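Reading through the structure tokens given below for one structure.
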Amino acid sequence: MEATARPAAPSRVTQLIRLVRSAPLTAKFGMLVTLAYAFVALFAPLIAPYGEVEVVSRVPFDGWSAEHLLGTDQLGRDFLSRLIFGARNSISIALVTTIISFTIGCLLGMFAALVGGFVDQVLSRIVDALMSVPDLIFILMILSILGGSIVNLILIIAILTSTRFYRISRAAALNVASLDFVEAAKVRGEGSLWIAVNEIFPNILPLLLSELGMRFCFIFLNIAALSFLGVGIQPPTAEWGSMVRDNAALINMGDITPLIPAAAIALLAVAVNFVVDWMLNRASGLTEEG
Amino acid sequence: MASPVIEINDLRIDAKANDEWSAIVRGVTLAIHPGEVLGLVGESGAGKSTIGLAALGYLRPGARVSGGTVRLQGQDLFAIPEDERRRFRGTKVAYVAQSAQAAFNPAHRLMDQIVMVAVDRGGLTRAEAEARAVALFTALKLPDPAQFGSRFPHQVSGGQLQRAMVAMAMICNPALIVFDEPTTALDVTTQVEVLISIRNVIRDFGVAAIYITHDLAVVAQIAHRVAVLRHGVVVEEAPIAQIMDAPQHPYTKTLWAVHEMPVDTSATHLQKGAPLLTISRLSARYKQFEVLQDINLQIGRGETVALVGESGSGKSTLGRVIVGLKEPSGGSLTYDGEPLPPLVSRRSLGTIRRVQIIYQSADTALNPRHTVRKILGRPLALYHGLRGARREARIQELLRMVELDPTHADRLPGQLSGGQKQRVAIARALAADPELIICDEITSALDKVVQAEVLRMLLELQARLGVSYLFITHDIEVVRAVADRVVVMQSGRIVEQGAKAEVFAPPHQPYTETLLASVPDMAVGWLDRIIAERAA
Amino acid sequence: MTRKPRPILSMVASRVGLGVLSLVIVSLVIFSAVAMLPGSYASAILGQNATPEAVAAMEEQLGLNEPWFLRYLGWLGAAAMGDMGMSFAGRPVMDVIGPRLLNTVVLASITAVIAVPVSIALGIVCARFRGRFIDKFLSTSTLASISVPEFFVAYIVMMVLAVKLQLFPSMAGIRASMDWGDQLYRMVLPILTLLLVILAHMVRNTRAAILSVMASPYIEMARLKGEPEARVVMRQALPNAIGPIASVVALNLAYLISGVVVIEVVFVYPGVGQAMIDAVRNRDVPVIQACALIFAAAYIGFNLIADVISIISNPRLLHPR
């Protein structure tokens, strides 16, 4: 009955459209590119002219032709098809890793911030120790011992990256927890879990989401670098980093084909970062006005 | 007749918010003659600071002049490029900021910061400038003037730093100084000292000044003339005596709203039954530091107790102890005859419900991502198990109690004004059906007229609901308006308590005397009297 | 100065203590990594065809029968003396890494010596001209370039400068027998690539560090005193930004370290990074441990220096009340 008295609020969809329209050119470009990649990754088998591991030519390193638009790779597989399947593999692995590390890191970070004391000290010291070694070095060491299966790769990177989510969610949660409305909830007699879910989480979510985007890029680049070094995703799975490595010999002959997967990596990472940058600027602008 | 130091003519300034320009100063005309002090009075957001900064030819980022002129000694400041405008600042016109603690650079010694302009552009040698600075330190009654400048900002107290900033503004003997709320961040007893210094320096050096403040009582001690500003427009400009004695504009009159609230001196509230809350021999500490010592206090049903003291007196800590956020180190709390467990986590929901707290800043006390409905609905569900239509009906009722429109239930706090937010916070406390509400400086962030409305509403609610209030405040005016009993705190101890009439009537306990004597009267000449008394 | 500098000394001491502590923890992690090896350490060395007797003899010889913490202390003590044990390939680890260590140090130091001042200067330029063309251009281009894989930058540099223009050799296989000029000439492409990679990170972070200082009220106060904008940045903002800048620079050296590994592989530069990758492929654990320890120690050391700089550049600590 009171609903009639409400001023007509714009629906979420129209709000979203308005938001996207107001984005700067770089962010629009970023969103467009990201969508295109998602499309290619989802429908890879329909788009790719040949199979992922199908040997289609007796000629390795064949040049560009009508039949094989980007030529063939070192084993005579269609380069374009592997590029398209690579989108699916590289993106999905990075995405899974990001989501795992986001979940672990944010849960522990908020937990540490709320509980404080000894638990916080122990968790924070462990995170400090993990962060005191450059990621790549740590990953290389563990992978060499455990072996480079995809599951190992995902878990190791997820755990190491979760330290960043831990740090940022803990700091943000501590910030929000010092505000009066959290104290008011404590005084009201609310439990810690209720406070975390209802009072704190909605307020740190925008920050965590932009961190999520940024970390996705770093994870994506890290996996590519590992595959490029030959210790990441193993053949015959098509992956952009290892495609660069396998065909690097062509570069010395002045052929740019091996650089295409590298450019594909760069383009997606640039696109995502443009979107994240816009979100961050928006968030900081809002707090300045408030 | 000398020409004006500064002439502001039909000045219009826009600010950018959400990619749209909106006017924040809408055609202001002012002139100040040599040696004259103009008070610029208005509530937050009236455009006072923007005008003050424009007198220095400065605009904050995201602001632009859309019309009018600012002439400093005849020079139109906004007609020349920023690089030329800049040369007037520090030498011809200087600025004193609200918080000296934030406005001094922590990396440099005070003397380096104070003499910099004089040496760079004021034509003085370093030695001359330092000698002048030491002379100013002496005039401003700073301790150990010869050595004072060798300190870093963090090594000096807030009141001293504020005076050091006055010295910095005076170093080039400017024609005009803009004081932007220079005493607002200080405690009342410190405020008096800084006010005296400012007034003496202005008179002795004959400098013209713009004195920006929201506090009429302060400006009455300093200014010759006052311009009252609202929504970027001067609504009234007159000599100070006329503003104080016979304000013309309706808006100007509202600045007396709290001052003129009817004071109930009858003792009806004091006929109380059994005390609701009894605090006896209570102490609390942060690490080694004793913040509360030997606190004995009773609050009766339907009574309003005002807890008065300066920052650091422990009054807010006492509030936190009562609601169970801070564990006392000794003593006891008794509520309605039962011992009250020290921490909120050990109190039953039923006990918690009976004592509620309202915070100073509704901006931080309301979750910005919850609607008003959710904010009010939660205590209803938690304490009373209300759901669905019954909860909704109660939300509507609460909104009406705090004089808000029922449609506000769908709003987020960001879509409400400061006064409306504080009303929502009050409604949230009322949702629990409490017996005691702790009000922690709840009106100090509000404009005068809103303050008066909120206080009146709280008193009406008290008459209807029989609730008790503990008002934690530093504002004597608020105490006079609402309190039945007054408790004065200093350095963690209660130094005096009693019925309002007793505490406010002489003879006073020494600290209460100082405190009361430091609050400026709403009248011209109060500061002169203080100075005269001290000289005697 | 008559004031007692005690709080600052104790703070520096406790930072150094924390640095040592994290080095100990990290070394413990690196050491115990061996325990995660599937199968025993000795059979890993001897290969799958080793007889049980040979494995037992090897374990005896390596002292694997002793408690782990004794082995750890022995390993750490030897490592501190520069002895990292034997590689699985049968050579002392230090023989494998030693000569390469100098190459990597030279490569990384030259890069850092150029990158740190340049990125601080560019960060200051961005902060000084905030919102103007140069700032927007540098912000966008550095944002793009931190999104590009290191090997992509490396191959483009190689493609343009080595393959197309033929200005520099595409492979940086330097040897000790070459003279200094020749070695340096071959190092140009790796250094250039590393610079492009870490400059972007450092410029962005320096800019952010200075801008957060520029938001302080004392910066507006300086403008209201009529200070020219360039001096506001240099005299008012910079002294307060030293600490934050030191820590972002130290953090960014992580990108330098991982960049070194990738770029050494691309340009076949004989450094520790390449040794580590070779060891990873051959699963030569002692060599990996040594490399990891070196990189981790360097990184912890840099962060320690940054912390000390930010402590001693803080006037509140330097001049206590």
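With all protein chains in place and ligands, DNA and RNA left out, the 1.4 Å accessible area ranks C:164, A:186 as C:164, A:186, largest first.
Between residue C:305 and residue B:146, the simple label model (points 7 Å from Cα in the Cβ direction) yields a spacing of 4.5 nm. Counting Lys and Arg as +1 and Asp and Glu as -1 over every other residue whose Cβ lies under 12 Å from the Cβ of residue C:241, the net charge comes to +2. With a ≥ b ≥ c taken as the square roots of the eigenvalues of the C-alpha gyration tensor of chain B, please select rounded if a/c is under 1.5 and otherwise prolate if a/b is larger than b/c or oblate if it is not? Since a/c reaches 1.5 and a/b is larger than b/c, the shape of chain B is classed as prolate.
Tell me, how many Å apart are the Cα centres for region A:72-146 and for region C:73-105? Centre-to-centre (Cα) distance: 29 Å. Shape index of chain A: Rg/Rh, with Rg the Cα radius of gyration and Rh the Kirkwood radius from the inverse mean 1/r over Cα pairs, equals 1.06.
Phi-derived couplings, Karplus 6.51 cos²θ - 1.76 cosθ + 1.60 at θ = phi - 60°, listed residue by residue for region B:379-391: x, 5, 6, 5, 8, 10, x, 6, 9, x, 5, 5, 5 Hz, with x used for Gly and Pro.
Computed from backbone phi, the HN-Hα couplings of region A:143-154 come to 4, 5, 8, 8, x, x, 6, 4, 4, 4, 4, 4 Hz, rounded to whole numbers (Karplus: 6.51 cos²θ - 1.76 cosθ + 1.60, θ = phi - 60°; Gly and Pro given as x).
Annotation for residue A:92 and residue A:42: the two label points, set 7 Å from Cα along the Cα-Cβ direction, are 1.4 nm apart. Residue order by solvent-accessible surface for A:279, A:243, C:81 is C:81, A:279, A:243, largest first, with ligands and nucleic acids left out and a 1.4 Å probe.
Each Cα pair of region B:277-505 feeds into the Kirkwood radius, which the Stokes-Einstein equation turns, at 10 °C and 1.306 mPa s, into a diffusion coefficient of 88 µm²/s. Label point of residue B:415 set 7 angstrom out along Cα-Cβ; within region B:356-396, amide nitrogens under 12 Å from it belong to B:370-373. Length available on full extension from residue C:109 to residue C:70: 0.36 nm per residue minus the Cα-Cα distance, which gives 10.4 nm.
The simple Förster model, with R0 at 25 Å and r as the Cβ-Cβ distance, assigns residue B:529 and residue B:242 a FRET efficiency of 0.75. With R₀ set to 35 Å, the beta-carbon distance separating residue B:289 from residue B:16 gives a calculated FRET efficiency near 0.15.
Pairwise Cα distances in the protein assembly as shown exceed 42 Å for 54 percent of all pairs.
Label sites at residue A:171 and residue A:197, each approximated as a point 7 angstrom past Cα along Cα to Cβ, lie 2.9 nm apart. Within the full protein context, the accessible area of residue C:11 is estimated at about 70 Å² for a probe radius of 1.4 Å. For region B:296-336 versus region A:166-196, the inter-centroid distance based on Cα atoms is 24 Å. The residue list C:156, C:98, C:30 was ranked by how far each Cα lies along the charge dipole of chain C toward its positive end, using unit charges on Cβ atoms, and C:156 comes out on top.
Give the average, rounded to an integer, of partner chain Cβ atoms located within 10 angstrom of each Cβ in A:123-130.
Mean inter-chain Cβ contacts per residue within 10 Å come to 3.
Is the shape of chain C rounded, prolate or oblate, going by the alpha carbon gyration tensor and its root eigenvalues a ≥ b ≥ c, with a/c under 1.5 for rounded and a/b larger than b/c for prolate? Oblate shape, in that a/c is at least 1.5 and b/c is the bigger or equal ratio. Taking a straight Cα-Cα cut-off under 14 Å and skipping sequence neighbours fewer than 8 places away in the same chain, the aspartates and glutamates within cross-link reach of residue B:16 are A:288, A:289. A simple count of charges around residue C:123, restricted to other residues whose Cβ falls under 13 Å of its Cβ and scoring Lys, Arg +1 and Asp, Glu -1, yields +3.
Taking the Cα centre of region C:100-318 as reference, the dipole from Cβ charges on Lys and Arg (+1) and Asp and Glu (-1) amounts to some 580 debye. Other protein chain C-beta atoms within 10 Å of residue C-beta, averaged over B:104-111: 6. Given a Förster radius of 60 Å and the C-beta distance between residue A:103 and residue A:59 as r, what FRET efficiency does 1/(1 + (r/R0)^6) yield to the nearest 0.05? My answer for the efficiency is 0.80. Taking 14 Å as the cut-off, no amide N atom of region B:132-160 comes nearer than this to a point 7 Å along the Cα-to-beta-carbon line of residue B:508. Cα-based radius of gyration for region B:6-258, normalised by 2.2 N^0.38 Å, reads 1.00. Taking the centroid of alpha carbons for each part, region C:130-173 and region B:347-367 are 57 Å apart.
Around the amide H of residue B:6, modelled in the peptide plane, lie the amide H atoms of B:32, B:73, all under 5 Å away and 5 or more residues distant in sequence or on another chain.
Electrostatic bookkeeping for residue A:210 treats Lys and Arg as +1 and Asp and Glu as -1; over the other residues with beta carbon under 10 Å from its beta carbon, the sum is 0. For region B:384-536, the pair-distance distribution built from all alpha carbon pairs, in bins 10 Å wide starting at 0, is 9, 32, 29, 17, 10, 3, 1, 0 percent. Out of all DSSP beta bridges with both ends in the protein assembly as shown, state the antiparallel percent to the nearest 5. In the protein assembly as shown, DSSP labels about 55 percent of beta bridges as antiparallel. Here's the picture: a label point sits 7 Å out from the Cα of residue C:28 along the beta-carbon direction, and within region A:125-139 the residues with their amide nitrogen under 16 Å of it are A:125-133.
Once backbone amide H atoms are built at 1.01 Å from N, residue A:50 has A:81 as its partners under 5 Å, excluding neighbours fewer than 5 places away on the same chain. Within region B:1-145, all pairs of alpha-carbon atoms sorted by distance into 5 Å bins from zero give the percentages 2, 8, 14, 18, 18, 16, 12, 7, 3, 1, 0. Hey, which lysines would be in cross-link range of residue B:374, C-alpha to C-alpha under 24 Å, not counting anything within fewer than 8 residues on its own chain? The qualifying lysines are A:186, B:421. Scalar couplings 3J(HN,Hα) for region B:282-292, obtained by applying the Karplus form with A = 6.51, B = -1.76, C = 1.60 to θ = phi - 60°, are 7, 9, 8, 9, 9, 6, 7, 8, 7, 9, 9 Hz; x denotes Gly and Pro. Summarising the amide proton neighbourhood of residue B:94: residues at separation of 5 or more, or on other chains, whose placed amide H is nearer than 5 Å comprise B:176, B:177, B:178.
The values are calculated or read from the model by the stated rules, or taken from the named source; none is laboratory data. Predicted model, so just to flag it, every value in this text is computed and none were measured. Backbone-built Cβ (ideal geometry, glycine too); neighbour counts: all protein chains shown. Just so you know, the surface numbers come from the protein's heavy atoms only, side chains and all, with ligands and any DNA or RNA stripped out. Shrake-Rupley method; radii C 1.70, N 1.55, O 1.52, S 1.80 Å.
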